[in-house]
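Notes follow the structure.
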Amino acid sequence: NRVSTARMCRQAPEDYALGQAAFKARKLINISVIIDDEERIDDILIGGDLYIRPQPTITSGGVLEELASELQGIAVTDEEALLETVQRVFDRPETEAPGIEPRDIVEPILRANNNTMPVGEYLADH
């Protein structure tokens, strides 16, 4: 039930890093990622002007929530593992992501790793 970076940060340890980035390919992709002490993805929020199905419903978080879950635990710098994970989710028969390629999700994750601040600092400002 979290749909904002602030809500995601409230659930994370304050000494973890928050990275944020946006990437414009055919669609704008916004990423907020919590990075743990071992530089692995602890949590991630994917948004933007993208359209991806299945969308969230009352009983399901949709493909973006599934993708976020699959990305947890992967090193934020491991481009190959990130790309393989996103591709695997995109390859599911029920997934539709018109105008979006797996690399369009991976690129802002990599960029977010270069634009970080402690979670506690973010929460103090928000």
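The values are calculated or read from the model by the stated rules, or taken from the named source; none is laboratory data. Note that this is a predicted model, so its numbers are computed, not measured. Note that each Cβ is placed from the backbone with ideal geometry, even for glycine, and that neighbours are counted across all protein chains shown. For accessibility, only protein heavy atoms count, side chains too; no ligands or nucleic acids. Shrake-Rupley method; radii C 1.70, N 1.55, O 1.52, S 1.80 Å.
So what is the relative contact order of the stretch 20-110, in percent, for Cα pairs below 8 Å that sit 6 or more residues apart?
It comes to 33 percent, rounded to a whole number.
Extension gain Ala22-Arg7, at 0.36 nm per residue separation less the Cα-Cα distance, in nm?
The span from Ala22 to Arg7 would gain 3.5 nm if fully extended.
How much accessible area per residue does the chain have, in Å², with a 1.4 Å probe?
Here the residues of the chain average 55 Å² of exposed surface.
Connecting C-alpha atoms closer than 10 Å in a GNM of the chain, tell me which of Glu14, Glu80, Glu107 has the biggest fluctuation.
Top of the fluctuation ranking is Glu80.
Relative to the longest principal Cα axis of the chain, at what angle does helix 79-90 sit, 0 to 90 degrees, rounded to 10?
Taking the Cα atoms of the chain, the angle to 79-90 is about 50 degrees.
Could you give the angle, 0 to 90 degrees to the nearest 10, between helix 62-71's Cα long axis and the longest principal axis of the Cα atoms of the chain?
Rounded to the nearest ten degrees, it is 60.
Could you work out the local net charge near Leu50, counting Lys and Arg as +1, Asp and Glu as -1, over the other residues with Cβ closer than 10 Å to its Cβ?
Net local charge, Leu50 excluded: 0.
When percent of Cα pairs over 17 Å apart is calculated directly from the model, which label among (i) 57; (ii) 54; (iii) 62 fits?
Answer by label: (ii).
Carbon and sulfur together cover what percent of the accessible area of the chain at a 1.4 Å probe radius?
43
Please give the charge dipole size of the chain, origin at the Cα centre, charges +1 on K and R Cβ atoms and -1 on D and E Cβ atoms. Round to the nearest 20 debye.
Charge dipole of the chain: 620 debye, to the nearest 20.
Farthest toward the dipole's positive end in the stretch 38-126, which of Pro93, Ser69, Gly120, given Cβ charges of +1 (Lys, Arg) and -1 (Asp, Glu) about the Cα centre?
Most positive-ward Cα: Pro93.
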